[in-house]
Structure formats: C-alpha cells, structure tokens
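The values are calculated or read from the model by the stated rules, or taken from the named source; none is laboratory data. Just so it is clear, the structure is predicted and the values come from calculations on it, not from any experiment. Using ideal geometry, Cβ is built from the backbone for each residue, glycine included, and neighbour counts are taken over all protein chains shown.
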Amino acid sequence: MSSRKSNRDINRRDFITHGAAGLAVVGASASLGAVTESTTLRFGLNADPHLLGRRAAGNEANFKQFVDQMKQFKPDFAIDLGDFGCQISEGQTTHKMHDGQLEALKHHVAVFGQLKCPRYHVMGNHDVGWLKGGDEEITPDHLIGRGHAGEDITKQEFLDVTDTKHRYYSFDVRDFHFIVLDGNNPADKSSPPRGKDGLVGGYWIDAMQKEWLAEDLAKHRQKPKIVFCHEELHHTPERGSGQGGDNPFAAVGKQHSYIDNGWEVRKLFAEDGRVLACFFGHKHRNRWTVYDGTNYITMAATHWKCSYAAITIADRLDIKGFGGQRSYQLPLPEWVTG
C-alpha cells in the first residue's frame, strides 16, 4: 500500500517520543518467555461488511474476498467486528424484515463457515434490535413496529445463528487472552456522568459486563490480552487524541458514536497493564491512538474498498491491511519478546 512507508515512519517517531508507554503494553512477566515460531499467532479481522441481505452483491463480494484471502493466510482464527448481517431494508421493523434479516444472517454465516479455523463474532449496532442492553429477554414481536432502522432481530437470535456463547465473552489462543465486548447498551445506574470524553457517546458498557470484565482480567492477569468491540471505547476527534498514533484522523462524522463510559474500561486496562491492543469497527475508517500503553485501533469497513486485515504477532504486532485498511508494524514490549 502507498501509505505503508509513512505509517512505519509515524510508528518509529511515536515509539521514540513516547517510549514503551506510547506504543506497547508496559509490564513484566517472567512466565511468558520469548515469542518464537511455535508461538507466533495469526488472525484475520474484518469490520462492517454490511451484508444487507443477498441483494447487496458488492458487499458480499468484498466479504467473500476476505474469506478467500484467509484461506491462503491460514490464521489461528478469524473474527468479524460487527455489523455483519444487517437489515434487508430500512424503516420500522416488520415481520418480513425480521425474517429476511435472519435468513440473510444464516446465509452469510455459512459463507464465513468456509473457513475451517475457529470463527468469532462481535455484536454490532446494526446486527440486533431495540438496544435495551444487558441480558433482558425480548422476542421478535417486541421489535415489530419500532423505528430502529436496520435492527430487526434480537440479540439472542444473533447469538444463536452465529453460534456465539454470549454477548460478551473471552477465549484463549496459545499464550494470548482475547476479550469480546458488547457496547450495544443504554446507560444504567452504574453509568457515571455523561460526556467525560468531551461529547456524549451513544453507547455504554453495562454494569453486569463491567463486573464480568474486571473478574476476567484478574483471572488472566499474567497473559497478554487483545480486546474486540464494535464501537470505540474512546472519542476520537479529528485532530487526534491519546498519547500517540495517527494524527490527524480522517473526517468520518459519527462523533457521538462511541462508548460514553469507555474511559472506565480503559482504566481497567491500564491497571491490568497487559492489554496490547483493542480493535474496533463502526467508524468505517482507519484510526489508531494510544492510551496508557494500549493501542486502540479502528478498522476500515470491509464494505469500503474491500478493507480487512491479516494480523501476525511474533516479534512485533504486524497488521497487514488490504483495500483501504492501513498497515501497521508496532513494536512489542520486552516482557513479550523476552
């Protein structure tokens, strides 16, 4: 890609300027040892394919290209960052729209299933309906006649079709611990005053999920971690933010579309000290910033320029971008590389 050299220069400059706190996790762990060929980890990542029913031939072709590329890459796993199936049309939900989205989701999950490696899903705002959040039980009938465009199936239906065990969950691959969060929730009683990051975000991490996350981090304290969430855990103004990364950001709008209480989650990551990176979708364009040694990376949408990434963790965090996705080569801290 034409931007690869400039990104490499940016990475080097920021690493020199900010040190280990600028580009990689700060911490120490004698139990991890050096990363070798046998522990090299590879995963495929796409975001916002927006597979709007079977009529969206262009978007489906982009997603199929991602699948075909992953067949060659042979990753340890592949993960979609949300807004996977989406709606078949916009407007107030009808039974036809609900059934059509569910059918299309099944179809595209089968396309994803062409990969024989483990496959994971992150829930996006366009994947599910009536963003009530939490573990509230609703039925498809609760969605009929409501005006959330593109949200025509329930969270449980999405989990069932994608064979996802919970709306938030974690898993391990080799020496790494991976965490998937659900940002599609309203504020609850645990939410702090709104707008701490400068604007009022439209999404929240609920109390039950925050409690689970704190316990999960503590349980896997010694492992390096990577987090996936559809919506950003931070507000990214166009002039840039954080302690390093891309500056300025591309103008993409959606300034209020982030997780309002994401700073609470970022604080947990900073206290853990072993969260290498967080990956997001939702904004549809590349953004990378750094908070307290953790890389926060927003991926370009797969439906835009057929963008996706092949990611390798060995002697560095190597993000090889395709289409409109930038490539990054980010150094790892010594406690990972030995």
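Tabulated data
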{"read-out": "Residue ID - surrounded by the fewest Cβ atoms within 10 Å (Cβ to Cβ), chosen from residues in region 189-228 that are closer than 25 Å to Gly273 by Cβ, touching a residue at least 60 places away in the same chain (Cβ under 8 Å) and among the aromatic types (Phe, Trp, Tyr)", "value": "Phe228"}
{"read-out": "Within region 151-172, tally of residues that are part of a loop (DSSP other than H, G, I, E, B) and of a type in the set (A, V, I, L, M, F, W, C)", "value": "1"}
{"read-out": "Residues that are touching an Asp or Glu at 6+ places or on another chain (Cβ under 9 Å) and free of Cβ contacts under 8 Å to residues at least 12 places away in the same chain, drawn from region 248-270", "value": "Pro248, Lys267"}
{"read-out": "Residue, nearest to Leu81 (Cα to Cα), within region 173-211, restricted to residues that are outside any loop (DSSP other than H, G, I, E, B), aliphatic (A, V, I, L, M) and out of contact with any helix residue (DSSP H, G or I) (no Cβ under 8 Å at 6 or more places or on another chain)", "value": "Val180"}
{"read-out": "Residues of region 153-178 classified as of a type in the set (D, E, K, R), in contact with a Lys or Arg (Cβ under 9 Å, 6 or more places away or on another chain), crowded, with 19+ Cβ neighbours inside 10 Å and over 18 Å from Gln209 (Cα atoms), total", "value": "0"}
{"read-out": "Residues located in region 316-338, provided they are at pLDDT below 90 and of a type in the set (Phe, Trp, Tyr)", "value": "Trp335"}
{"read-out": "Enumeration of residues in region 74-90 that are modelled with pLDDT of 95 or more and among the aromatic types (Phe, Trp, Tyr)", "value": "Phe77"}
{"read-out": "Pick from region 219-278, criterion in contact with a Pro (Cβ under 6 Å, 6 or more places away or on another chain), among the charged types (D, E, K, R) and modelled with pLDDT under 85, ranking: farthest from Leu81 (Cα to Cα)", "value": "Arg239"}
{"read-out": "Of all residues making up region 90-128, the number that are in a loop (DSSP other than H, G, I, E, B) and either among the hydrophobic types (A, V, I, L, M, F, W, C) or within 25 Å of the chain's Cα centre (by Cα) (or both)", "value": "14"}
{"read-out": "Long-range neighbours under 6 Å by Cβ, at least six apart or interchain, first residue touching a residue at least 60 places away in the same chain (Cβ under 8 Å) within region 104-130, second of a type in the set (D, E, K, R)", "value": "Met123/Arg167; Met123/Asp182; Gly124/Asp83; His126/Asp83"}
{"read-out": "Selection count where residues are assigned to a loop (DSSP other than H, G, I, E, B), within 16 Å of Leu268 (Cβ to Cβ) and among the charged types (D, E, K, R), scope region 221-231", "value": "2"}
